[in-house]
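For reference, the structure discussed in these notes is given below.
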Amino acid sequence: MGKPQLRGDYSRAGSDYSVEQDWSAYSAQEHALYRRLFERQAKLVPRYACREWIQAIAGLDAAGGIPDFKKISVKLEKATGWEIVPVPGLIPDEAFFTHLANRRFPVTVWLRKPEEFDYIVEPDVFHDFFGHVPLLFDRVYADHLHEYGKGGLKAMRLDAVKWLARLYWYTIEFGLMKVNDEIKAYGAGLLSSGGELAFSVEDPRPRRRPFELERIMRTEYRIDRYQDTYFVLDSFEQLMRETAPDFTPIYARLRGLPSFDPAA
Ligand code: PHE
Ligand code: CO
């Protein structure tokens, strides 16, 4: 990850990068800003989000303000055995993969500033919670992410994180799904975005390619603007199935192959 200027407070983080979510310390203004973000997205998701996400958010009681992670974790634990781990922001690969491999999803504790309403470069509590947490209630998605975490630790040993990170980017963050001929979003970066959610589903400009594991692993991505290319799944079962094989020979093959420009 290098050492970009991350804005979270890492001074109190444990060796696994977890912190306390001091829920009572959020201000009324922060809860109100979260509510405004929530309400904007709530108008879009019925049309653009996948069924699994829509079903889960209904049971979460998460519209009123920044959620208390402990309360959500009780429900999540019962549903799929996952829990939320509060973190100060982005964390190193090894800590991230280790959390996922233990069915713990890291969620950033701080909320963006009002002037970042439309755009933010680092994940905050709104992105992490609204985008990622509801899908952890889906059994297949939840099991996939667990496998992804284990696969991440393995990719570190094989010096292959670059390729596995692209898989995460084009699925968990920016993935689309096509169900009954309708495109829907399941990627968290889309679900939490005021502009890219509709763009990804219906704008004529970006490419929408069927999910193809090696193509995804070879496709570069940009973090500073809407994506040029999205990959489309049929179902989370497809994601589970296509990522089940041992990636070791795939990584070996990719080492000799050029990557694709997402805009080409
Ligand atoms: N099958 C992958 C491997 O052997 C592990 C993995 C599973 C990676 C699911 C991503 C998602 O490395
Ligand atoms: Co994310």
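The values are calculated or read from the model by the stated rules, or taken from the named source; none is laboratory data. Keep in mind that this is a model prediction, so the values were computed, not measured. FYI the Cβ positions are ideal-geometry reconstructions off the backbone, even for glycines, and counts take in every protein chain you see. Just the protein is used for accessible areas: all its heavy atoms, side chains included, with ligands, DNA and RNA removed. Shrake-Rupley method; radii C 1.70, N 1.55, O 1.52, S 1.80 Å.
Among the numbered conditions (1) assigned to a loop (DSSP other than H, G, I, E, B); (2) open to solvent by less than 10 Å² (accessible area, probe 1.4 Å); (3) not charged (D, E, K, R), the only one that Leu76 does not meet is (1).
Take the conditions assigned to a strand (DSSP E or B) and within 30 Å of Ser235 (Cβ to Cβ) and apply them to Pro106. Does it pass? Answer is yes for this residue.
Among the criteria (1) under 19 Å from Gly187 (Cβ atoms); (2) open to solvent by 60 Å² or more (accessible area, probe 1.4 Å); (3) in contact (Cβ under 8 Å) with a residue 24 or more places away in the chain, the one Lys43 does not fulfil is (3). For region 57-64, the condition holds for at least one residue, the condition being that it is surrounded by fewer than 16 Cβ atoms within 10 Å (Cβ to Cβ) and in contact with a Phe, Trp or Tyr (Cβ under 7 Å, 6 or more places away or on another chain). Quick one: how many residues across region 91-120 are buried (at least 17 other Cβ atoms within 10 Å of the Cβ) and farther than 16 Å from Phe69 by Cα? Going through region 91-120 one residue at a time, the tally reaches 8.
Just one residue in the set Asp246, Asp224 is assigned to a loop (DSSP other than H, G, I, E, B) and more than 28 Å from Cys50 (Cα to Cα); that residue is Asp246.
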